[in-house]
Amino acid sequence: MQQHFSLAECDVVGFDLDHTLCRYHLPQSARLIYDSFAQYLVTEKGYDEDLLTLAPDSLDFCCKGLVLDIEEGNFLKLAEDGTVLRASHGTKSMTSEEVLEIYGRKEWKHFNSVSGMVSRTAKYYLYDNYFDLPGALLCARVVDSLDQHDGQKKYDFWKDMVAAIQHNYKISAFKEDCGMYFPEVKNHPDKYLQRCPESVKKWLKQLKNAGKILLLITSSHSDYCRLLCEHVLGNDFEEYFDILITNALKPGFFSHTPNQRPFRTLENDEEQEALLSLDKPGWYSQGNAIQLYDLLKKMTGKLDPKVVYFGDSMHSDIFPARHYSNWETVFILEELLGDKGIVPAKTESEPLEKKGKYEGDQLKVPYFVSKQWGSFFMDRLPGLENAEETLVHTWSCKCISTYSTIAIPSLEAIADLPLDYRFTRFSSNSSATAGYYPSPPRALLPNEDSVMMK
């Protein structure tokens with residue numbers, strides 16, 4: 001495989017929406033997501049009311065790449081070979097000795113299926129995007145609460161957590177104003193959503209003017225997608241894209257066949273009957289990458305048009321687009337910002353009395369390096385019996401170099417580059433840091449041990 005990647009060589013440029021084209025104010029959205037799940041557990045399922053209050057620094061617990069071992073109530077940070085680097089029971093960190101005693105120095109029992117990106121199981125759950133992440137803190141606190149009251153050893157709260165997620169994010173929730181999440185974003189979009197920078201809008205137009213086909217593929221339903229796009233891109237947002245696909249139900253969009261997941265047209269945000277094939281550009285719901293690619297062949301007049309897809313979830317965007325469709329993939333990784341300690345500007349649009357609950361208590365920005373979990377990219381493996389500690393890559397870091405073409409902190413980071421800019425791609429023959437643009441995370445650079453762990 002060639003060592004460089006350039007957008008100029010791509011025929012089609014596809015984008016995820018949430019946390020890719022649409023960036024959120026993370027402290028505020030994390031708090032809202034936490035509250036929306038907690039509210040449901042307390043009011044509908046009878047969980048402890050203490051779950052509704054949050055200590056100011058508690059979102060530090062939220063770190064992408066964590067795996068929840070559901071039955072044990074343990075959260076795990078995995079090394080690239082599947083051994084457990086750090087763990088917590090509920091919110092309480094385990095000591096190195098406890099980790100060794102419980103998990104040993106061997107591959108975690110479910111690592112095979114986790115690393116195959118199979119996530120639908122009652123045994124574990126992988127936290128890899130900002131929509132899910134606040135749920136990790138809530139689950140950890142549920143474990144704390146159950147321990148305190150019931151002294152439980154095996155846990156069965158997961159079905160209630162799934163119900164909370166479905167209640168807040170289900171397809172009809174936006175229209176029905178149900179749950180806490182959608183009504184709140186609808187009423188205060190500026191509080192949660194960042195406007196798209198002019199440089200990115202200009203870049204999207206530049207891509208289109210260069211003859212590229214632009215796709216939007218999001219798992220959000222059409223009504224929420226419209227709210228987000230109008231707010232971040234403007235009322236003319238549809239002009240930026242040739243094809244818009246909502247309720248794409250990724251990763252299934254990439255892995256399912258046309259029979260399993262046909263495209264549907266939309267009328268007033270209601271899905272219509274299934275289409276046998278995809279014949280023209282437009283706005284669609286659900287669908288699959290196979291029929292989309294057939295349409296892209298027609299539109300480009302090429303037998304194998306080259307597609308690149310930008311997304312923020314390894315599990316839903318990057319892995320399936322690469323693994324099933326063999327597309328180029330650009331991983332949006334806000335952790336590359338946190339690595340440098342950049343503080344996002346506060347929004348001044350909210351009156352002060354409304355700020356109290358959110359900004360006033362200074363909740364920690366989730367993409368800063370977590371004190372409890374350390375670097376997203378690297379960690380120390382404790383030495384056995386007085387042996388030296390060794391630095392190892394995390395499993396999350398390994399996935400990035402395996403499945404991404406390049407990784408960037410945001411679209412803004414590349415919007416001012418010429419379209420024929422040649423990025424060095426991640427590939428087996430280059431260094432582990434080659435594909436990060438504009439620069440690798442500090443944790444991966446030599447002599448930066450201090451960044452990794454206290």
Two-site FRET efficiency, residue 431 against residue 302, from Cβ-Cβ distance with R₀ of 41 Å, rounded to 0.05:
0.80
Under 17 Å from the 7 Å Cα→Cβ point of residue 424, by amide nitrogen: which residues of the stretch 5-22?
5-6
Send over the per residue convex hull volume for the stretch 26-188, Cα only, as a whole number of Å³.
119 Å³
Pick out, from 126, 30, 169, the residue whose Cα sits farthest towards the positive end of the charge dipole of the chain, with +1 on the Cβ of Lys and Arg and -1 on the Cβ of Asp and Glu.
126
Could you tell me how far the Cα centroid of the stretch 1-42 sits from the Cα centroid of the stretch 61-134, in Å?
22 Å
Considering the options 67, 142, 433, tell which one lies farthest towards the positive end of the dipole of the chain, charges being +1 on Lys and Arg and -1 on Asp and Glu at the Cβ, about the Cα centre.
433
Given the pairs 280/306; 175/205; 170/201; 77/106, which are separated by over 23 angstrom at their Cα positions?
175/205; 170/201
The chain, dipole about Cα centre (Lys/Arg Cβ +1, Asp/Glu Cβ -1), debye to the nearest 20:
960 debye
Can you send over the carbon and sulfur percentage of the accessible area for the chain, probe radius 1.4 Å, protein chains only?
49 percent
Can you list residues from other chains, or at least 5 along the same chain, whose modelled amide H is less than 5 Å from the amide H of residue 86?
77
Taking 7 Å along the Cα-to-C-beta vector as the label spot, tell me the residue 412-residue 45 distance in nanometres, rounded to one decimal.
3.6 nm
Relative contact order of the chain, defined on C-alpha pairs under 8 angstrom at six or more residues apart (%)
22 percent
Cα-centre dipole for the stretch 26-188 with unit charges at Cβ (Lys and Arg positive, Asp and Glu negative), debye to 20
500 debye
Report the calculated FRET efficiency for residue 9 and residue 92 (r = Cβ-Cβ distance, R0 = 56 Å), to the nearest 0.05.
0.65
Keeping every protein chain present and rolling a 1.4 Å probe, give me the accessible area per residue for the chain in Å².
43 Å²
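The values are calculated or read from the model by the stated rules, or taken from the named source; none is laboratory data. Keep in mind the model is a prediction, meaning the values are calculated, not measured. Cβ coordinates were reconstructed from backbone atoms using ideal geometry, including for glycine residues, and neighbour counts include every protein chain displayed. SASA here: full protein model, heavy atoms, side chains in, ligands and nucleic acids out. Shrake-Rupley method; radii C 1.70, N 1.55, O 1.52, S 1.80 Å.
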